[in-house]
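Trainee: To start, I am sharing the structure in question, which I have written as structure tokens.
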Amino acid sequence: MADRSFLDWPFLGAQHQDLACALEDWCARVLGPLPHSDDDIDGQCRVLLGLLGDGGWLRHAVPAAYGGAHEGFDVRSLCLIRETLARWSGLADFVFAMQGLGSGTISLFGSEAQKALVLPGIASGARMGAFALTEPESGSDVAAMTTMARRDGDEWIIDGAKTYISNGGIASQYVLFARTGEAPGAKGISAFLVPADTPGLEIAARIRVMAPHPLATLRFDGMRLPGDALIGEAGRGFQQAMATLDIFRTTVGAAALGFARRALDEATARVQARTLQGRPLAENAVVQAQLADMALDVDTSALLIYRAAWLRDVMGQRNTREAAMAKLHATDAAQQVIDKAVQLHGGLGVEHGHIVESLFREVRALRIYEGASEVQRMVIAREHLAQAKGGNR
């Protein structure tokens, strides 16, 4: 079993300990027996969505007023859930994460009508969310997006494309970001709520990636939306997207931490059971050094993650710097931890379908999505320099 001592850290409360224990038991009962394969990913996601909804875990992704578990977002709970799910099933973590990310902009900025339409279904698992931000020619440079939305009377007409959209093709609705032209660059972007069956929305391609997840390229050709599809104010879409990502970016680090903990557990069991020249592999000094580095990376990641979440939840502070640090370190460190686990498993570690081989494929995308590692370094440096110039926050 993964180390649970971090639950006693002062960043977390008794309610988080109870949450972690209840979810661990649920995962053992429900996720443990589930078969895992790279086939029918859409179907597996739908099954997992139903299970997570029935278990009550999706309630942590929306506010209490719409069926949620907390008045607002409790980032520490989100992190605990993602860390635990990731240890058991990368796909279950993906499904949970997309319910939060795919509806977070509505929770934060949507009208009462939009919230009432979407959020109860997100909490129950009756609806599946999606967040459509990335474009073929503008990934990290969100301000360079070219998807256009123009007014036509009381309606909006949207043309353009999005790509690498998680849940693309199976989502119930999309939170779509498009240029509305109030100002150049980031200041001329707006967010829209788009039902999946809207005419003019086409699933142009399904995308296969190294760890299978439902991803798609979306194309919009004269897609018409009613005026009330606009989320919040026109021209505020960039700020809305960043506010949503600020909440969920820390949880990406938590998912990476879950992958890393599982890899460390698997590697530890392997070297204790395996012998080399008549002695347990765990007694080898080189192996011990690798385990020490892995354990150090795991604990360092956990400290950064729960610090970032605590700053937002308890201190009510803007945590852009800390969230960037948590995501950057946890995702980069998890890659190294899992690579060591593969090495310690030898040939078994590269057999398709073995847990450490699956972890190796699962973790790689986390260093790219919701802000690539290079972007996180830019964010950290920018925040550091601003703090140095302006004094303490």
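Every read-out reported here was derived from the displayed coordinates using simple, explicitly stated rules and does not represent laboratory data. Because the structure is predicted, anything quoted here is derived from the model rather than measured. Cβ sites come from the backbone with ideal geometry, for glycine too, and all protein chains shown count toward neighbours.
Trainee: What is the packing order of peptides 10-23, 258-271, 111-124, taking the mean over residues of other C-beta atoms within 10 Å and listing the highest first?
Mentor: Descending mean neighbour count gives 258-271, 111-124, 10-23.
Trainee: Be a star and scan segment 281-322 for residues whose amide nitrogen sits under 11 Å from the point 7 Å along the Cα-to-Cβ vector of residue 4.
Mentor: Counting backbone N atoms under 11 Å from the label point, the list is empty.
Trainee: Shifting gears a bit: Report the FRET efficiency, 1/(1 + (r/R0)^6), for residue 25 and residue 154, where r is their Cβ-Cβ distance and R0 is 45 Å, rounded to 0.05. Walk me through the intermediate numbers first.
Mentor: Numbers: r = 51 Å, r/R0 = 1.14.
That pair, residue 25 with residue 154, gives E of 0.30.
Trainee: Please give, to one decimal in nm, the separation of the simple spin-label points placed at residue 18 and residue 355, each 7 Å out from Cα toward the Cβ.
Mentor: 2.9
Trainee: Just order 245-251, 192-198, 26-32 by mean Cβ neighbour count inside 10 Å, highest at the front, would you?
Mentor: Numbers: 245-251: 25.0, 192-198: 18.7, 26-32: 15.4.
Sorting 245-251, 192-198, 26-32 by mean packing, highest first, produces 245-251, 192-198, 26-32.
Trainee: Which shape class, rounded, prolate or oblate, goes with segment 5-124 when its Cα gyration tensor gives a ≥ b ≥ c as root eigenvalues, a/c under 1.5 marks rounded, and past that a/b bigger than b/c marks prolate?
Mentor: Values: a/c = 2.12, a/b = 1.11, b/c = 1.91.
Oblate shape, in that a/c is at least 1.5 and b/c is the bigger or equal ratio.
Trainee: Let me ask another. Provide the packing ranking of 46-57, 169-180, 322-333, i.e. peptides ordered by the mean count of other C-beta atoms within 10 Å per residue, highest first.
Mentor: In decreasing order of mean packing, 46-57, 169-180, 322-333 become 322-333, 169-180, 46-57.
Trainee: Computed over the Cα atoms of the chain, what is the convex hull's projected area averaged over all directions, in nm²?
Mentor: Over all viewing directions, the chain projects a mean Cα-hull area of 19.9 nm².
Trainee: Hey, what number do you get for the chain at 222 nm if only DSSP H runs of n ≥ 4 count, each worth -39500 (n - 2.57), divided across all residues, to the nearest 500?
Mentor: -17000 deg cm²/dmol
Trainee: Here's another thing I want to ask about it. Could you list the square roots of 5 times each eigenvalue of the Cα gyration tensor of segment 131-235, that is, the equivalent ellipsoid semi-axes, sorted largest first and rounded to whole Å? Mind dumping the intermediate values first?
Mentor: Working: eigenvalues 99, 52, 22 Å².
In descending order, the three semi-axes are 22, 16, 11 Å.
Trainee: Follow-up. Starting from the Cα-Cα distance between residue 364 and residue 268, subtract it from 0.36 nm times their residue separation and give me the gain in nm to one decimal.
Mentor: 32.4 nm
Trainee: Figure the gain on full extension for residue 36 and residue 228 (residue separation times 0.36 nm, minus the Cα-Cα span) and round it to one decimal in nm.
Mentor: Net length gain for the segment: 65.0 nm.
Trainee: Could you work out how far the C-alpha centroid of segment 349-393 sits from that of segment 1-80, in angstrom?
Mentor: If you average the Cα positions of each part, the centres end up 22 Å apart.
Trainee: Quick one: if you stick a label point 7 Å off each Cα along the C-beta vector at residue 284 and residue 374, how many nm between them?
Mentor: So the two model labels end up 3.6 nm from each other.
Trainee: Another question, then. With point charges of +1 on the Cβ of Lys and Arg and -1 on the Cβ of Asp and Glu, referenced to the Cα centre of the chain, which listed residue (285, 267, 253) lies farthest in the positive direction of the dipole?
Mentor: The residue sitting most towards the positive pole is 285.
Trainee: With an 8 Å cut-off on Cα pairs and a minimum separation of 6 or more residues, tell me the relative contact order of segment 160-263 in percent.
Mentor: 31
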